[in-house]
Amino acid sequence: MLTFLLSAAGVLLLTGVAWALGFREAPRLSQCRALAEACQIPGFRPIAAEIAADGRSARVTGAAGDAAVILPVGDRFIARRLPEGAAAAHDAIDLGEPFLHRVRLGP
Amino acid sequence: MTLPDPVQLAVPVFVGLVLLEMVAVRLRRRGAYEWHDAGASLALGLGSTVAGALVAAPVAGIASFVFQFRLFEVPFAWWAFLAAFVLDDLAYYVFHRTAHRVRWFWASHVVHHSSQHYNLTTALRQTWTGFFSLSFLFRLPLFLIGFPPAMVVFVAGLNLVYQFWIHTEQIGRMPRWFEAVMNTPSHHRVHHATNPCYLDRNYAGVFIVWDRLFGTFAPERADEPCRYGIVRNLPTFNPLWAAIHEWVAIGRDVLAARSLRALAGFTLGPPGWRPGDRSMTSDGIRAAWAARAREQA
Ligand SMILES: [Zn+2]
Ligand SMILES: [Zn+2]
């Protein structure tokens, strides 16, 4: 138990050091970066990206008339294909997976 | 014979090197850390030690049971430790390759790949569900040969300790002779990358010779910077979700399976397998990338 508590303290300490050293960036998406992120979806060919006002997420249109979203996770991004019908939605989008049931693009 | 636990002995060194690497990333502007990501990796490391302790007794029981049927009497001699270390690393290669090619084992291993960062904390991002996935099966041949369980546990610990230092972007290339024989930061960066040309390459633990021998080696290329993570990166830093998300996905797919073939594909097929569609498997992704490269040439 003591070993566990010491280890847990070590985890908190190292995480705190990472925070204190400033490893908490939140980069903004450029057109180029948004398209590159969307390229990571197998079979998706991005042609245009619409960046949200805060620069932290984007909606990307594909060559096949499909669409994807780019969402922030810390200092990195994830890309997800939009379910059919969701492309036109303006409020919260349900991407059908845990942690992504009520996705909003922009602030 | 009682042997020390190499991992436990190495923990203070791990902590020191993580701190050193964080400072190096800041000063050299090479490599990256993110505090949520580092916290999640460290929490996963801590959780894996708890999970390991919980299943230590059944694993020891299975090892002792299999050891009864050993073919040889292997003594606690220096050459036996050396042979155990090399053969255990071969067993690790077979396990690791299977863990990337069979979704059942991938569900347990994916957690190690679930960070989009590559630093020393990534090394500690270890599975919580290894026992459940039956990954201990891959080490049983060593007990059957006759290597005592304590010796195998010891060399397996050394193997894990070796793999810690290779999770870094602070080291470019090691000397040529070293890169030829040993697993290195450069080789293992390729293993953690999702670039199609790097997918499912460099499964080695300690000796990269296994990959060179069995045709799974790919060198790191200067013109192809590694993108770390998994094909479908996680939307959260929640360690519990990182540890179990692929099991949840397997459960969902199995419940939706409409045939025995689909059931087998969803559990024992490659990660990303779907009935009649291989576009999301690493082979499919690699094939699409190669076709596109030919198109553009
Ligand atoms: Zn792996
Ligand atoms: Zn690794």
Next on the checklist: Can you tell me how many residues within region A:9-34 are farther than 28 Å from B:LEU27 by Cβ and open to solvent by 50 Å² or more (accessible area, probe 1.4 Å)?
Outcome noted: 2
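Tell me yes or no: at least one residue of region B:145-161 is touching a residue at least 60 places away in the same chain (Cβ under 8 Å), within 14 Å of another protein chain (Cβ to nearest Cβ), open to solvent by 10 Å² or more (accessible area, probe 1.4 Å) and away from ligand 2 (no atom under 16 Å from the Cβ). Spell out how you get there, then give the answer.
Step one: list which residues in region B:145-161 are touching a residue at least 60 places away in the same chain (Cβ under 8 Å), which gives B:145-161.
Checking the rest, the ones that are also within 14 Å of another protein chain (Cβ to nearest Cβ) come to none.
Checked against the condition, which is being touching a residue at least 60 places away in the same chain (Cβ under 8 Å), within 14 Å of another protein chain (Cβ to nearest Cβ), open to solvent by 10 Å² or more (accessible area, probe 1.4 Å) and away from ligand 2 (no atom under 16 Å from the Cβ), region B:145-161 yields no hits at all.
Residue by residue through region A:40-63, note down the ones that are in a loop (DSSP other than H, G, I, E, B), of a type in the set (A, V, I, L, M, F, W, C) and exposed (fewer than 14 other Cβ atoms within 10 Å of the Cβ).
Residues of region A:40-63 that are in a loop (DSSP other than H, G, I, E, B), as a first pass: A:40-45, A:52-57, A:63.
Imposing the further condition that a residue be of a type in the set (A, V, I, L, M, F, W, C) reduces the set to A:41, A:44, A:52-53, A:63.
Correct list: A:ALA53, A:ALA63.
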Item to check | region B:6-22 residues that are facing chain A (nearest Cβ under 8 Å), paired with ones that are open to solvent by 40 Å² or more (accessible area, probe 1.4 Å) and modelled with pLDDT of 95 or more (beta carbon under 6 Å, 6 or more apart) | outcome: B:MET22/A:LEU21
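Counting only residues that are open to solvent by 30 Å² or more (accessible area, probe 1.4 Å) and either within 14 Å of chain A (Cβ to nearest Cβ) or within 14 Å of ligand 2 (Cβ to nearest atom) (or both), how many does region B:176-219 have?
Summing the residues that are open to solvent by 30 Å² or more (accessible area, probe 1.4 Å) and either within 14 Å of chain A (Cβ to nearest Cβ) or within 14 Å of ligand 2 (Cβ to nearest atom) (or both) in region B:176-219 gives 2.
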Item to check | Residues of region B:29-50 that turn out to be in a helix (DSSP H, G or I), at the interface with chain A (Cβ under 7 Å from one of its Cβ atoms) and crowded, with 21+ Cβ neighbours inside 10 Å, as a count | outcome: 5
Checklist entry - So is B:SER64 more than 14 Å from chain A (Cβ to nearest Cβ), hydroxyl-bearing (Ser, Thr, Tyr) and surrounded by 12 or more Cβ atoms within 10 Å (Cβ to Cβ) or not? => result yes
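Please state which one of B:SER114, B:SER108 is within 14 Å of chain A (Cβ to nearest Cβ) and either within 16 Å of ligand 2 (Cβ to nearest atom) or of a type in the set (Asp, Glu) (or both). Show your work before the answer.
On the way: B:SER108 fails: within 14 Å of chain A (Cβ to nearest Cβ).
Only one candidate passes the filter, namely B:SER114.
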Next on the checklist: For the condition away from chain A (no Cβ under 14 Å), on the phi < 0 side of the Ramachandran plot, open to solvent by 20 Å² or more (accessible area, probe 1.4 Å) and among the aliphatic types (A, V, I, L, M), what is the one hit in B:ALA99, B:ALA57?
Outcome noted: B:ALA57
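Can you tell me which residue among B:TRP104, B:TRP78 is within 16 Å of ligand 1 (Cβ to nearest atom) and open to solvent by 10 Å² or more (accessible area, probe 1.4 Å)? It would help to see each step written out before you state the result.
Values: B:TRP78 fails: within 16 Å of ligand 1 (Cβ to nearest atom).
From the options B:TRP104, B:TRP78, the qualifying one is B:TRP104.
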Checklist entry - When region A:1-29 is examined, which residues are found to be out of contact with any helix residue (DSSP H, G or I) (no Cβ under 9 Å at 6 or more places or on another chain), at pLDDT 95 or above and more than 12 Å from every other protein chain (Cβ to nearest Cβ)? => result A:ARG28
Checklist outcome for this item: Taking first residues from region B:87-106 that are more than 19 Å from B:PHE143 (Cβ to Cβ) and second residues anywhere that are part of a helix (DSSP H, G or I) and of a type in the set (Phe, Trp, Tyr), the pairs with Cβ under 6 Å that are 6 or more apart or on different chains are B:ALA99/B:PHE105; B:ALA99/B:TRP106
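The values are calculated or read from the model by the stated rules, or taken from the named source; none is laboratory data. Here the structure is a predicted model, which is why all the values come from computation and not from measurement. Cβ atoms come from the backbone with ideal geometry, glycine included; neighbour counts cover every protein chain shown. All accessible areas refer to the heavy atoms of the entire protein, side chains included, with ligands and DNA or RNA removed. Shrake-Rupley method; radii C 1.70, N 1.55, O 1.52, S 1.80 Å.
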